Amino acid sequence: MLGHAYMHFDKSHFAAFTLRVARGADNGDAFSRALMFETGCQMARHIRAVLPSVSPQLLQKPGGLPIICVGSVFLSFKQLQEGFLSIVYGLFFLINYFTIQVYRFVKIRKTMPLPNGIRLMRLTKPAALGAAALAAKNCLGEEIALDYGQNADEFFHFHAAPR
């Protein structure tokens, strides 16, 4: 696998591999199910790792923290969901109800900022649209009005318990 990942990387090769593993998981193959479970766990751990750096405005968005997911692996989210939720439940419920400090998880000494939920979304418009709006704002000082609600579709929503 390392040769495919580093020396001869081909995105379509990994997409096809993911599709085969997802089909195997659908058909009850234990190895495929375990691989998809672990992939879901890793996805949630990545979200957990960046939470301390997320802006407070995004953390408090109604409906939860919007996370844009890009790539065909998210077409198989049904198979990733169990592993993803195993980490997300721990993140929200352990920290919310037992006030565990973040330094036990990621060795920084502040309480983990938590969103009121997580919304996984797929883009419906090209990412270049947002990049152009950001460039106009940062380089030209011009605001381009975008309806962000029309730029992505939600495919998963986790709502946290009230704190």
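The values are calculated or read from the model by the stated rules, or taken from the named source; none is laboratory data. Predicted model, so just to flag it, every value in this text is computed and none were measured. Don't worry about glycine lacking a Cβ; one is built from the backbone with ideal geometry, like all the others, and counts go over all protein chains shown.
A few remarks follow.
- Tally, over segment 123-163, of residues that are closer than 14 Å to G63 by Cβ, of a type outside the set (A, V, I, L, M, F, W, C) and touching a strand residue (DSSP E or B) at 6+ places or on another chain (Cβ under 9 Å): 5
- Within segment 21-55, considering residues that are within 24 Å of P66 (Cβ to Cβ) and of a type in the set (G, A, S), the one surrounded by the fewest Cβ atoms within 10 Å (Cβ to Cβ): S53
- Matching residues in segment 121-157 - criterion: being in contact with a helix residue (DSSP H, G or I) (Cβ under 7 Å, 6 or more places away or on another chain) and either assigned to a strand (DSSP E or B) or among the small types (G, A, S) (or both): R122, F155, F156
- Taken over segment 1-57, the criterion of being of a type in the set (G, A, S), modelled with pLDDT under 90 and in a helix (DSSP H, G or I) is satisfied by G3, A5, S12, A15, A16, A49, S53.
- Taking the criterion of being of a type outside the set (A, V, I, L, M, F, W, C) and either without any contact (Cβ under 8 Å) to a residue 40 or more places away in the chain or over 25 Å from F155 (Cα atoms) (or both), the residues of segment 122-139 that qualify are T124, K125, P126, G130, K137, N138.
- Some residue of segment 58-78 being more than 24 Å from A127 (Cα to Cα) and at pLDDT 90 or above: yes
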